[in-house]
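Dropping the structure in here first, questions after.
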Amino acid sequence: MTIDLRHPLPGTRPLVVGAGRSGLAAAKLLVRHGLDVVVCDARPVEQAGEAAATLAAAGVKAQWGRDDAALLDGRDVLIWSPGIAIGHPLARAAAAAGLPVLSELELGYLAAHAPLVCVTGTNGKSTTTDLIGHLIRAAGREVEVCGNIGRAICEVAEQVSPSGLLVVEVSSFQLESVHRIEPFIAVWLNLTPDHLDRHGDLDAYGAMKQRLFERQTENDWSVWNADDPEVTRRRAGHGEPLEFSSVHAVDAGACIEDATLTLAWRGGRERLMPAAALRLPGAHNRQNALAALAATLPLEIAPPVLRHALATYAGLEHRLEPVAEIDGVRFVNDSKATNLGSLEVALQSFVEPVVLIAGGRHKDQDFAPARELVRRGVRALVLIGEGADRMAAAWPDVPVQRAPSLADAVRIAYRSAQPHGTVLLSPGCASFDMFRDYEDRGRQFKAEVLRLKEEEALA
């Protein structure tokens, strides 16, 4: 049996490793094509919840509580979920047996009818990916936003026609096991230390990002942050280059000139709109907007469409998202800040010092480089989760309180921010020590803030 994909799959008896969002989407795509699919997951079936029910409903065979090499018997290709490191013994056993290991991202690419616009980087990926989709949608083009944001690529890959576009947020985890992916447009936003507990060091982490560009040809486009030396020195591939910069002019791409968002394209320059007219706050969002504009240049969207779309784009849930104001205290949800760089960006977005709720799984990050920014930008610190001790040691200049739960953290921070101040949840850490994911953390934070608001109204 041969699977009917745009590009051939190197096997017909796949083992899907991991039954998270990506694994489930991959399994359902493969089953739709009539393949003999097996899914394995190290969790016991009692902990699988909806995943077990989803696979059973789709008629997919599942092996729960297993990730051993015996699962390779009778399989000829592995589809790898990004939450599992590629150094896992099962992946090593597959390599030793000569079995190909493909990421769910690559399976989505093989199945997709539409070209891919891929966005990678350490920070800003979700906002930039969503904004690119917003610009394309405003131009009347068919588009789906997917990948590390929202829906897995395998969930939507076959739904978009060849005249549409798939805009994909791509993480370094997804790039560990790609071999053939060739994005029509690939964007690299920035590179700062993150996920070093998995990749080891910055060079290895950067090498994962470079893989997104390796298969591009002169018919594709690569978009680079000209302001980030770690990105510029790793430029690779054969895609036609575009740049973005908030500090100097570029020959082809998007930049800020005289406080104006400016497009440089095919030898001309278009002064698009004042940078201050962006609805999204902060210097980091100006960079995100420039990246999105550079990425959409090959699509030749009319400037009036771009102006209106940029001026109306409100941003994403969990990224500097206003939640509520209680008796003069503002609450802001930045749960998407899962590393130090994102936390620093958030702090730089406020004029007055904030009460910061931070902490979680620290991922072997060094928090000391943010000491001066925290000293200037944080009036009080409320720490949660496994990273609390590491953060407290790195930031000794700010009053610190510990909270055993997020509910306690919200109430402690509220008292610390009175009578007028801002409480910012920007954890700077992964969520998995206390929450299902950053979205779960952000929604619990918002629920606790609204509960506190009701309590204060009744007091």
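The values are calculated or read from the model by the stated rules, or taken from the named source; none is laboratory data. Values in this document were obtained by computation on a predicted structure and should not be read as measured data. Cβ coordinates were reconstructed from backbone atoms using ideal geometry, including for glycine residues, and neighbour counts include every protein chain displayed.
Inside the stretch 254-267, can you point out the residues that are over 14 Å from ALA302 (Cα atoms) and assigned to a strand (DSSP E or B)?
Selection gives ALA254, CYS255, ILE256, GLU257, THR260, LEU261.
Say we look at the stretch 89-122 and pick out the residues that are charged (D, E, K, R) and either within 26 Å of GLY239 (Cα to Cα) or within 22 Å of the chain's Cα centre (by Cα) (or both); which of these is surrounded by the fewest Cβ atoms within 10 Å (Cβ to Cβ)?
The extreme case among them is GLU106.
Among the numbered criteria (1) in a helix (DSSP H, G or I); (2) under 21 Å from ALA292 (Cα atoms); (3) in contact with an Asp or Glu (Cβ under 8 Å, 6 or more places away or on another chain), which one does ASP197 miss?
Of the numbered conditions (1) in a helix (DSSP H, G or I); (2) under 21 Å from ALA292 (Cα atoms); (3) in contact with an Asp or Glu (Cβ under 8 Å, 6 or more places away or on another chain), the odd one out for ASP197 is (2).
Sticking with this one: From the residues in the stretch 13-65 that are in a helix (DSSP H, G or I) and of a type in the set (D, E, K, R), which one is farthest from SER103 (Cα to Cα)?
That would be GLU46.
Quick one: in the stretch 394-441, which of the residues that are among the hydroxyl-bearing types (Ser, Thr, Tyr) and part of a loop (DSSP other than H, G, I, E, B) is surrounded by the most Cβ atoms within 10 Å (Cβ to Cβ)? Give the steps one after another, and end with the answer.
So the first thing to find is which residues in the stretch 394-441 are among the hydroxyl-bearing types (Ser, Thr, Tyr), and the list is 405, 414, 416, 422, 426, 431, 438.
From what is left, the residues that are part of a loop (DSSP other than H, G, I, E, B) are 405, 426, 431.
Values: SER405: 13, SER426: 26, SER431: 21.
The selected residue is SER426.
Let me ask something else. Of all residues in the stretch 227-253 being among the aliphatic types (A, V, I, L, M) and outside any loop (DSSP other than H, G, I, E, B), which is surrounded by the fewest Cβ atoms within 10 Å (Cβ to Cβ)?
Step by step, filter the stretch 227-253, then rank; the result is VAL231.
For every residue, the table says whether it meets (1) touching a residue at least 12 places away in the same chain (Cβ under 8 Å); (2) acidic (Asp, Glu); (3) in contact with a Ser or Thr (Cβ under 9 Å, 6 or more places away or on another chain).
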site	(1), (2), (3)
ALA114	yes, no, yes
GLY133	yes, no, no
ALA139	yes, no, yes
GLU144	yes, yes, no
ARG151	yes, no, no
ALA157	yes, no, no
PHE173	yes, no, yes
SER177	yes, no, yes
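May I ask you to list the residues in the stretch 340-360 that are modelled with pLDDT of 90 or more, aliphatic (A, V, I, L, M) and either touching a helix residue (DSSP H, G or I) at 6+ places or on another chain (Cβ under 8 Å) or farther than 16 Å from ARG286 by Cβ (or both)?
Selection gives LEU340, LEU343, LEU347, VAL354, VAL355, LEU356, ILE357, ALA358.
Condition check ((1) in a loop (DSSP other than H, G, I, E, B); (2) among the polar types (S, T, N, Q); (3) surrounded by fewer than 21 Cβ atoms within 10 Å (Cβ to Cβ)) across all residues:
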site: PHE173; (1), (2), (3): no, no, no
site: PRO193; (1), (2), (3): yes, no, yes
site: ALA204; (1), (2), (3): no, no, yes
site: LYS209; (1), (2), (3): no, no, no
site: ARG215; (1), (2), (3): yes, no, yes
site: ASN219; (1), (2), (3): yes, yes, yes
